[in-house]
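In what follows, a structure is listed as structure tokens, so that the remarks can point back to it.
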Amino acid sequence: MKVLNFSIIKLTLAIIAGILIAYTFTISFKPVITLLCSTVLFFTILFIKSKRSKKQDALFGVAALFLFVCIGMFSWEINQPKNNPNHFTNSISYENTLTLKGHVLEQLKPYSYSENYIFNIERINNKPITGKILLKVRIEDSLKPTYNIGEYLAFKSTLSKVTEPKNPYQFNYAKYLEHQNILAQVSISNREIFQFSEVKISMYSIANTLRNNIEIALIDNGFKGDELAVIKALLLGQKKDISKDMYDDYASAGVIHILAVSGLHVGIILMLLQLILSPLFRFKHGNVFKTVLIVLFLWCFAIIAGLSPSVIRAVTMFSFLAVALNLKRKTSTLNTLFLSALVILLVEPQFLFSVGFQLSYLAVFSIILLQPKLSKLIPRPKYYISRILWGVFTVTIAAQIGVLPLSLFYFHQFPGLFFVTNLIIIPFLGIILGYGLLCISLALLGILPSFIAEGFRLVIGFMNSVISWVAQQNSFVFKEIPFSEIQTIVTYVLIGTILISIQRFKPTNFIYILCAVVIFQLGFMYESYTAKTTEEFVVFQQTAQTVIGLKKGEHFEVSLKDSSSTSFTQQLVSNYIVGSHLDSVSTVPLKNVYQFKGNRIYVIDSLGVYSSAFNNATIILSNSPKINLNRLIDSISPERIIADGNNYKSYVKRWKATAKHKKLPFHPTGEKGAFLIKD
């Protein structure tokens, strides 16, 4: 028998399981190699045995799946920096000043005070050492130097770890970068960087040069402002020039996905190419020639869009689908989808933890299974326009069902008018993309007629206006929706069970759906029970003033020195409110004494007043009190000391040394993050 007789879906799921096992349990490289070699040997023996007997052995199937689990584990481990002897994490100290040389790998969205890049290290202290870091270039001159992809730079600096979130439920940017194997950062002035004249030639630098030329050509033809920023996002994969207001409008309208070149854009371009190249089927081997041209054009678009990970994923996925569609292979679209995921995860297993990867594949998976069923809910519309609108509506609903739980988990927001905006925008997005690619081509050739350029500006301007209007309907935008990991998992169990059950109806499917409904209800009941019964005392990390929170069930009481600053309070603790499933919030003036679950907690502020009543209590130092910590410890013997972010750093450093000398637990929130006491 042949290995390919196994369902590619099962093999892909086995790869995913292997990646998750290696990620969760942090298995070292040698045991994984040993396990993989042993499994390969065992699988080979079973393969030879099954080939001779010509019978499909269940044990062989289990061995094949376990082999792919091991391959997933190996793929994860081989891509980890810790297993690369030349990676900087295995050979340098973060405290030492180093001489680094390498090239710019990616330009990130700039801040008002710095330009940000992904920097690929090639040498440290003139030794061949590799690795990726986050490079923050502080702007100290009136001119803002922009380093292009591929440019070689050298500088002296110390490496530091990317800052972890300091307060509960905040976005973990350090973890986000870690999934891209970016494990350190450098913050440096542009005056301290030496820029070489040489450039590393790669597909990325070629793509960047092409995009720069396209941008110059568009500017020369009168494109500017929001229209230019949206065009660059739609076609060039550059979102860094999108204003915050424009980005918020697209997010509130439920069409933020069109600003990130992804599966939607590539899928529409695939459909356009299918239509334009359809006459090739009339010729001998025309289907092969058409397939080659489509795949070639898709990868040319990937280069124009900058070859970002999301673009590469999308083009890889639709390249597989294009081959399956045009070569008439006897395979399901679903198998082709999973085959593309398998190939991607074998090469870059970190993509499994990418939000874009998860949303793209869930959307396409849901469309494949659900859209055909939805489209048959009503008789085939008589008119062409009606059929197009109904098709877009069913595709939008199917995709939204697939991604909704994950969107709620990551973004805690649901745009109620998403289907209206998508009905308006998506049918014309193909025209917009085709029109845009035509404008880019003509602009690069220097022959873009002004009426075509003006027409495209009007189209983009009209789209922005429609989206801005929809975004202003605030009553239809639901924000700060609590949605936990458990709720996400049980919701997908329910959705997945229903999607699979409706493919081939059987009476037993009702039992599966009923079980999924029970699991769904239990998951939500557990979260509700946890939210109602959990109590926490929180000292937030905040430099402006002391912020203390007390969670009692679904209510949260926030203590502030200035309790009138409600907007400030909401901004600071909003992530905590959503993450803890809170129903109500109140603000009260900051107190000096707190009682929580048998813990006595005292706040010593700038006055530095304390008494013997503070004995064996938790002490919070706030607003830089001028105290002798040695004397305080000797006189009241505190259980622990907390220094919040509202203290001078020099004071905190001195207190930390004193507490260490006294062997007393010391928690500076500026270093360790918020301090929590749980019930």
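Where a number appears in this text, it was derived from the coordinates with a stated rule and is not lab data. Please read these numbers as outputs of a predicted model, since none were measured by experiment. Counting neighbours? That spans all protein chains shown, and the Cβs are built from the backbone with ideal geometry, glycine included.
Okay, here's what the table says:
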quantity: Linear extension gain, S278 paired with K382, 0.36 nm per residue minus alpha-carbon span; calculated: 35.0 nm
quantity: Ranked packing of 433-444, 280-291, most packed first, by mean Cβ within 10 Å; calculated: 433-444, 280-291
quantity: The chain: angle of helix 263-276 to the longest principal axis, Cα-based, in degrees nearest 10; calculated: 10
quantity: Spacing of the two label points (7 Å from each Cα toward its C-beta) at L607 and K109, in nm; calculated: 4.4
quantity: FRET efficiency estimate (nearest 0.05) - Cβ-Cβ, K660 to S91, R0 41 angstrom; calculated: 0.90
quantity: Nearest-ten-degree value, helix 509-533 long axis tilted from longest Cα axis of the chain; calculated: 20
quantity: Binned Cα-Cα distance frequencies in the range 535-678 - 5 Å width, integer %; calculated: 2, 9, 21, 23, 21, 13, 7, 4, 0
quantity: Burial ordering of T421, T146, fewest other beta-carbon atoms within 10 Å first; calculated: T146, T421
quantity: Paramagnetic label zone (point 7 Å from Cα along Cα-to-C-beta, A174; backbone N under 18 Å) in the range 646-679; calculated: 666-676
quantity: Table column - 3J(HN,Hα) (Hz), the range 459-472, Karplus curve with 6.51, -1.76, 1.60, x for Gly and Pro; calculated: 4, 5, x, 5, 4, 4, 5, 4, 5, 5, 5, 4, 5, 6
quantity: Gyration tensor verdict on the range 485-530 (Cα atoms; rounded if a/c is under 1.5, prolate if a/b is larger than b/c, oblate otherwise); calculated: oblate
quantity: Gyration tensor (alpha-carbon) shape descriptor, the range 438-483, a/c threshold 1.5; calculated: oblate
quantity: Gain in span if fully extended, N630 to N125, counting 0.36 nm per residue against the direct Cα distance; calculated: 177.5 nm
quantity: Zone of K10's modelled label, taken as backbone nitrogen in the range 66-81 under 18 Å from a point 7 Å along Cα→Cβ; calculated: 66-72
quantity: With Cα atoms, 0 to 90° folded angle of helix 649-661 axis to the chain main axis; calculated: 70
quantity: Cα gyration tensor shape of the range 146-195, rounded if a/c is under 1.5, else prolate or oblate by comparing a/b with b/c; calculated: prolate
quantity: Rg in Å to one decimal, and Dmax rounded to a whole Å, for the chain via C-alpha atoms; calculated: 28.8, 96
quantity: H179, H87 arranged by Cβ crowding within 10 Å, fewest neighbours leading; calculated: H179, H87
quantity: The range 418-507: equivalent-ellipsoid semi-axes (sqrt of 5 x gyration tensor eigenvalues, Cα, Å); calculated: 41, 21, 12
quantity: Lys, Arg +1 and Asp, Glu -1 on Cβ, resulting dipole of the chain about Cα centre, debye, nearest 20; calculated: 2160
quantity: For F537, F47, order by how many other beta-carbon atoms lie within 10 Å, fewest first; calculated: F47, F537
quantity: Two-site label geometry, K51 and A17: point separation in nm, points 7 Å out along Cα→Cβ; calculated: 2.5
quantity: Cross-link reach list, lysines versus K376, counting only Cα pairs under 20 Å and skipping chain neighbours closer than eight places; calculated: K506
quantity: Within straight-line cross-link reach of K232, lysines at Cα separation under 16 Å, skipping those fewer than 8 residues along the same chain; calculated: K109, K224, K240, K244
quantity: Inter-probe distance in nm under a simple model that places probes 7 Å from Cα toward Cβ, at S650 and H285; calculated: 8.0
quantity: Given K166/K551; K626/K660; K82/K166; K161/K678, the pairs whose alpha carbons are separated by over 21 Å; calculated: K82/K166; K161/K678
quantity: Segments 541-554, 336-349 sorted - mean Cβ within 10 Å per residue, highest first; calculated: 336-349, 541-554
quantity: Filter on K10/K51; K175/K649; K10/K175 - keep pairs with C-alpha separation over 23 Å; calculated: K175/K649; K10/K175
quantity: Mean ellipticity per residue at 222 nm, deg cm²/dmol - from DSSP H runs of n ≥ 4 across the chain, formula -39500 (n - 2.57); calculated: -17500 deg cm²/dmol
quantity: Potential lengthening between L442 and S528 on full extension [0.36 nm per residue; Cα-Cα distance subtracted]; calculated: 25.1 nm
